[in-house]
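Note sheet for the following structure.
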Amino acid sequence: MELSALVQLTTGITLLTCVLAVAGLHSYAAGRAQRQALVDRLTATGQVSYNGRRRHFPNLDRRLRRTRLGKNLELRLSATGLDVTPGEFFVYLLAVVAGLWLIGQAALAPFFGPIAGLLGVWAAVQFLTWQRQKRIEKFINQLPELARILANATHAGLALRTAIGMAAEELEAPAGEELGKVANQLAVGASMDDALGELAERLPSRELVVLVTTLVLSNKAGGQVVSALRNLTETLEERKETRREVRTQLSQVNMTSYAVPVLGVGSLFLMNGVKDGALERMTGSPAGQIAVLVAFSLYTVGFVLIRRLSRIDV
């Protein structure tokens with residue numbers, strides 16, 4: 001009798017385990033299907049970019065994002081539009097700094113190893129700044145078309161939220177991607193002021209600030225948004241032409257600012273090539289090391305001054 005009860009209990013537990021396993025597998029499959037459907041829908045509308053690329057260094061990336069450095073780096077990378085995580089960029093930066101350190105130490109002198117590493121960090125920061133400015137310039141060039149789409153959509157009776165989502169679908173990157181982020185924020189309950197304000201912080205420019213201010217005030221006061229956007233479209237077209245002319249006029253000055261430090265570094269290789277070991281002997285004394293540091297400081301000051309003097313805000 002006891003054996004029969006034990007068999008029944010074992011059979012019941014086995015059947016219950018099988019039922020729970022089948023239910024678990026069904027729930028897991030349904031969840032994966034819903035997630036994939038959501039990704040496909042958002043990818044098709046251009047609201048998110050999902051390419052399935054395997055991320056490297058995930059543990060380092062998670063730890064780095066918790067620090068202030070990681071948060072600032074994430075903001076810089078998001079503004080550049082690069083498909084790189086903070087952890088990946090940090091590892092690549094360390095590799096570049098180590099490589100330049102070894103090259104400077106082997107090609108010139110041991111004293112130039114740390115200097116070459118610092119130049120690698122400076123070059124990485126300049127690269128991010130250049131990528132961000134490039135993305136901002138491209139976005140500014142798309143602002144007239146963006147204002148035109150918003151004006152036509154609002155003139156057709158569509159709400160401003162709907163018009164922003166339509167513009168995100170029609171425009172190419174970076175305007176389409178940035179407006180997709182704004183549309184996502186509006187979809188989850190963010191206010192128009194906050195969503196557009198974050199857009200202006202990611203890609204700061206006078207043109208975008210004017211457009212954001214126009215949209216926010218029109219959304220609050222309910223004014224003539226169509227006429228305001230159409231007038232803004234003409235103004236943005238004129239400013240785009242003016243910016244193009246100014247950039248063309250200053251192209252030679254900008255090249256000069258980069259040529260100055262390149263000539264300084266090139267002179268070091270030339271000096272070491274003319275007389276092998278000259279730099280090592282020169283940096284072997286404190287006076288020579290101070291002279292090299294002063295020379296690099298002067299080249300840096302010259303680069304900064306030329307860039308500041310050639311900067312014209314339009």
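Take the residues of the range 86-140 that are among the polar types (S, T, N, Q) and out of contact with any Ser or Thr (no Cβ under 8 Å at 6 or more places or on another chain): which is farthest from residue 236 (Cα to Cα)? Once the filter is applied, the top-ranked residue is 105.
Among the residues of the range 278-295, is any in a loop (DSSP other than H, G, I, E, B) and modelled with pLDDT under 80? For the range 278-295, residues in a loop (DSSP other than H, G, I, E, B) and modelled with pLDDT under 80: absent. Just the residues that are part of a helix (DSSP H, G or I) and open to solvent by 40 Å² or more (accessible area, probe 1.4 Å), please, taken from the range 203-217. Passing the criteria: 206, 209, 210, 213, 217.
Out of curiosity, is residue 128 open to solvent by less than 20 Å² (accessible area, probe 1.4 Å), under 16 Å from residue 210 (Cα atoms) and among the hydrophobic types (A, V, I, L, M, F, W, C)? So residue 128 fails the test.
In the set (1) open to solvent by less than 80 Å² (accessible area, probe 1.4 Å); (2) of a type outside the set (Lys, Arg); (3) modelled with pLDDT of 75 or more; (4) in a helix (DSSP H, G or I), residue 33 fails one condition alone, (3). Close Cβ contacts (under 9 Å, 6 or more residues apart or on different chains) running from residues in the range 239-258 that are under 15 Å from residue 140 (Cα atoms) and touching a residue at least 12 places away in the same chain (Cβ under 8 Å) to residues that are open to solvent by 100 Å² or more (accessible area, probe 1.4 Å) and not hydrophobic (A, V, I, L, M, F, W, C) comprise 239/206.
Let's see how each residue does on (1) more than 15 Å from residue 205 (Cα to Cα); (2) among the aliphatic types (A, V, I, L, M):
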| site | (1), (2) |
| --- | --- |
| 135 | no, no |
| 142 | no, no |
| 152 | yes, no |
| 160 | yes, yes |
| 166 | yes, yes |
| 172 | yes, no |
| 178 | no, no |
| 182 | yes, yes |
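For the range 296-312, taking the residues that are modelled with pLDDT of 80 or more and of a type in the set (Val, Ile, Thr), the one that is least open to solvent (accessible area, probe 1.4 Å) is identified as 306.
Among the residues of the range 268-314, write down those that are hydroxyl-bearing (Ser, Thr, Tyr) and free of Cβ contacts under 8 Å to residues at least 12 places away in the same chain. Listed by number, the residues that qualify are 285, 297. Just checking, does the range 57-78 include any residue being open to solvent by 100 Å² or more (accessible area, probe 1.4 Å), at pLDDT below 75 and over 21 Å from residue 139 (Cα atoms)? Taking every residue of the range 57-78 in turn, none turns out to be open to solvent by 100 Å² or more (accessible area, probe 1.4 Å), at pLDDT below 75 and over 21 Å from residue 139 (Cα atoms).
The residues of the range 149-180 that are open to solvent by 70 Å² or more (accessible area, probe 1.4 Å) and without any contact (Cβ under 8 Å) to a residue 40 or more places away in the chain, listed by number, are 152, 156, 161, 162, 170, 172.
In the set (1) modelled with pLDDT under 65; (2) open to solvent by 100 Å² or more (accessible area, probe 1.4 Å); (3) assigned to a helix (DSSP H, G or I), the condition left unmet by residue 40 is number (2).
The values are calculated or read from the model by the stated rules, or taken from the named source; none is laboratory data. Since this is a predicted model, take the numbers as computed values, not measurements. Counting neighbours? That spans all protein chains shown, and the Cβs are built from the backbone with ideal geometry, glycine included. Keep in mind that these areas ignore ligands, DNA and RNA; they rest on the heavy atoms of the full protein, side chains included. Shrake-Rupley method; radii C 1.70, N 1.55, O 1.52, S 1.80 Å.
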